[in-house]
1. Just one of (1) under 20 Å from the mean Cα position of the chain (by Cα); (2) within 25 Å of residue 202 (Cα to Cα) trips up residue 289, so point out which.
2. Report, by residue number, each residue of the range 172-200 that is more than 13 Å from the ligand (Cβ to nearest atom) and touching a residue at least 60 places away in the same chain (Cβ under 8 Å).
3. So residue 141 clears everything in (1) farther than 22 Å from residue 257 by Cα; (2) more than 16 Å from the ligand (Cβ to nearest atom); (3) assigned to a helix (DSSP H, G or I) except one condition, right? Which one?
4. Please name all residue pairs, on different chains or six or more residues apart, with Cβ atoms under 7 Å, provided the first residue is in the range 347-364 and is at positive phi and at pLDDT 95 or above and the second residue is buried (at least 18 other Cβ atoms within 10 Å of the Cβ) and assigned to a strand (DSSP E or B).
5. Quick one: would you say residue 114 is within 16 Å of the ligand (Cβ to nearest atom), at pLDDT below 95 and part of a helix (DSSP H, G or I)?
6. So residue 296 ticks every box in (1) out of contact with any strand residue (DSSP E or B) (no Cβ under 6 Å at 6 or more places or on another chain); (2) closer than 23 Å to residue 354 by Cβ but one. Which box is left unticked?
7. Condition (residue is near the ligand (Cβ under 9 Å from one of its atoms), closer than 18 Å to residue 213 by Cα and crowded, with 24+ Cβ neighbours inside 10 Å) applied to the range 96-106: is it met by at least one residue?
8. Return the residue satisfying two criteria in turn: it lies in the range 202-214 and is away from the ligand (no atom under 13 Å from the Cβ) and under 21 Å from residue 120 (Cα atoms), and of such residues it is surrounded by the fewest Cβ atoms within 10 Å (Cβ to Cβ).
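The values are calculated or read from the model by the stated rules, or taken from the named source; none is laboratory data. Because the structure is predicted, anything quoted here is derived from the model rather than measured. Here the Cβ positions follow ideal geometry from the backbone for every residue, glycine too, while neighbour counts run over all protein chains shown.
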Ligand SMILES: *Cc1c(COP(=O)(O)O)cnc(C)c1O
């Protein structure tokens, strides 16, 4: 076969972009060469609908072993009794849990999207908001942290069947124990969506969602640094409180309901190449060096938050407990939007994303904030002194936002810094 230059030239351009730029998107990371190799492997050729040992296709004897390995390592990593590693993404994992736990029209609670929640937690354009009835809890305007008292009041009034802990843009840790108390009082199941902090939780650097949460969903590609994908976990299996039916009739245990909700409920054949890569990533995350990585991610985030604060930016909630921070631009630059900053920084090879801040006065398309995360640059080896330099460069660009000379000068400095931290051995 002739090489497809069109596609592979583009892949090479993307590699160059990743090599030369400062990657500060909080949900991104750089997977290892072994994770990439597994993702690009012949496992992609195999159909394996079903689960290890009970498939709808022959020839699954090898993929059964990689999938079982992924399950076993996931359970060890999070101290869980049960895992399903088939969800194609975080949103797919959530869709399966909703299908398993709710019926159309049922009420559930999640963090307000403009306060850091995720689209799959009740956005009107997502199935969670179309098929079910989302009710939001919020952060407090004074502190920028979750208002658990208000959450309890709303829960007691609305009586949701499911409550979701977790966010895409929340810089603080979660009080899962407190949320479980509220969920128990309201008669709700508690789901923790740890898509963002999963790697830091696996490294035991943040509060553990187990044993407090009934179910956990996560992505595998954010702080966990695996291939793009999702996963569902349970600390302990439990009896499905609502006796939901599956294609096999009434199923009592939640593990069976969840398995059925993933396949055939919301997906067809699993991505066995990605599942093999998940097994590799979980193996990496079980190693002591991963814990050191997680610690450095957090040290870098704290150093950046401190540097932004000392330059007069408002960091929401006053700092960060995890790998990300939200900068409310309004205190220092009331006329500059998050969108403008995102688009300008890209020209300087610095990648961040515009983000709503709590109680934002602008739309999600403009925003008054930016979200910044340290997982990717930390994988490359950057330490506190380097990320603080990047804060200086970001501030230089924003302070003179239409100045092309500043952008060009900053880009040269970013490229030089990144050259010191090669991504791969090759
Ligand atoms: C990223 C994220 C997801 C979605 O993950 P995808 O793999 O993009 O579908 C779900 N929930 C939260 C909280 C997230 O941050």
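1. Failing condition for residue 289: (1).
2. From the range 172-200, those more than 13 Å from the ligand (Cβ to nearest atom) are 172-173, 175-190, 200; that's our starting set.
Those that are more than 13 Å from the ligand (Cβ to nearest atom) and touching a residue at least 60 places away in the same chain (Cβ under 8 Å): 172, 173, 188, 189, 200.
3. Answer for residue 141: the failing condition is (3).
4. From residues that are at positive phi and at pLDDT 95 or above, the pairs are 349/22.
5. Judged against the criteria, residue 114 is a match.
6. Going through (1) out of contact with any strand residue (DSSP E or B) (no Cβ under 6 Å at 6 or more places or on another chain); (2) closer than 23 Å to residue 354 by Cβ one by one, residue 296 breaks only (2).
7. no
8. Going through the qualifying residues, I end up with 214.
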